[in-house]
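Working notes for the structure below.
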Amino acid sequence: AKSHDELDYLIKQSVRASKTVEREIQRLNRIENYRKEFIGDISHELKTPIFAIQGFIETLLNGAIDDEEVNHKFLEKAMRNVNRLIYLTKDLMEISKLETGELKSDIQNINLKDLVMDVVTNLQYKAEKADVVLKTDLPQNYVVSADRNQIRQVLINLIDNSIKYNVKGGKVTVGVKPWSKDNTRVLVYVKDTGIGISQQHIERVTERFFRVDKSRSREDGEGTGLGLAIVKHIIQAHNEELFIESTPNVSSSFSFTLSRADHTSFKDEPNQ
Ligand code: ADP
């Protein structure tokens, strides 16, 4: 016969095992719910442009095709929705790869100033079109350990938003400054003088498909509601931090840390 202590031990062990199983079931349920939610979200997002395209083509087939002016307008509208589906598909593929961990970051030494300047130069045209001044504040160069394409994507998404959610005559500043006390990390920031985000929405803007103003970004055909979710995932994959601060109707600031690859001493060499 087993001693009291042995029985006690066996009972405790089986309780522990059943707790582990329970936790595992909970984890799988969470994944399953997440998957269901994701599919629901995607279907919802696809519905709007698909029905719009269907509507335009139907109207054309019902006779509008004979009116050259209407015909052109409707085809253009259909095309805008096709483009929207393309953006959406691209972003969805990106986020699903990031969320499943399929997309591994290719960490290299990158020259941060060159990368920021490159992205800013490419978005200058867009800023001018929106009557927004886009400038940089890069007093010093840094070499950081990061995935070049992913950090490029982060910068594009953040700067693009700062232009999009700005006001006429507004400003966007992209800058880099030292972050950690030991000088091993830097902070990259994108600050705007735009419409801002209220406190209750700040926590939610990195959720996929979350938009403060549901109609606004859909109308311009470009916003997928995935930009900041992608940013969050990329920064997480780098084991870095993302900060969001905003004052409604005044400004927003999105910033993230990066780790320096060129840090050798506490004293920094001036920019070469
Ligand atoms: P979207 O495609 O809608 O721009 P994002 O994921 O990039 O999707 O952003 C989510 C939402 O966060 C936006 O719809 C907008 O409401 C808000 N937002 C993002 N960036 C800014 C900003 N710089 N200023 C104000 N609101 C912003």
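Just a few scattered comments:
- Segment residue 51-residue 21, length gained on full extension (0.36 nm per residue, minus Cα span): 6.3 nm
- The fewest-to-most ranking of 209, 256 by surrounding Cβ atoms within 10 Å reads 209, 256.
- Based on Cα contacts under 8 Å between residues 6+ apart, the chain shows a relative contact order of 18 percent.
- Order by protection proxy (mean Cβ within 10 Å, highest first), peptides 96-108, 182-194: 182-194, 96-108
- Table column - 3J(HN,Hα) (Hz), segment 46-57, Karplus curve with 6.51, -1.76, 1.60, x for Gly and Pro: 6, 4, 4, x, 5, 5, 5, 4, 4, x, 5, 5
- Couplings 3J(HN,Hα) for segment 170-184, derived from phi with the Karplus relation 6.51 cos²θ - 1.76 cosθ + 1.60 (θ = phi - 60°), are x, 10, 10, 10, 10, x, 9, 9, x, 10, 7, 4, 7, 6, 8 Hz, where x marks Gly and Pro.
- Top positive-direction residue, dipole computed over the chain with Cβ charges, set 100, 200, 190: 200
- Amide hydrogen proximity for residue 262: with H placed 1.01 Å from N in the peptide plane, the residues at 5 or more positions away or on another chain lying under 5 Å are 143.
- The modelled label-to-label distance between residue 201 and residue 4, using points 7 Å beyond Cα along the C-beta direction, is 6.6 nm.
- Hz values of 3J(HN,Hα) by residue in segment 236-251 - Karplus curve (6.51, -1.76, 1.60), Gly and Pro given as x: 4, 5, 8, 6, 10, 10, 10, 10, 10, 10, 7, 10, x, 6, 10, 6
- Here the calculated FRET efficiency for residue 62 and residue 85, from their Cβ-Cβ distance with R0 = 25 Å, stands at 0.60, rounded to the nearest 0.05.
- All C-alpha pair distances within the chain, sorted into 5 Å bins from zero, spread as 1, 5, 10, 13, 13, 13, 11, 9, 7, 5, 4, 3, 2, 2, 1, 1, 0, 0, 0 percent across the bins.
- Where both bridge residues fall in the chain, DSSP classifies roughly 85% of the beta bridges as antiparallel.
- Cα gyration tensor category, rounded, prolate or oblate, for segment 75-160 with a/c compared to 1.5: oblate
- Residue-averaged [θ]222 nm for the chain, counting only DSSP H segments that reach four residues, each worth -39500 (n - 2.57): -18500 deg cm²/dmol
- Beta bridges by DSSP in segment 70-204, antiparallel share as percent, to the nearest 5: 70
- Between segment 79-146 and segment 149-201, the Cα center-to-center distance that results, in Å: 12
FYI, it's all coordinate maths here, none of it is from the lab. A quick note: this is a predicted structure, and the numbers were derived from the prediction, not measured. All Cβ positions, even for glycine, are placed from backbone atoms using ideal geometry, and neighbour counts span all protein chains on display.
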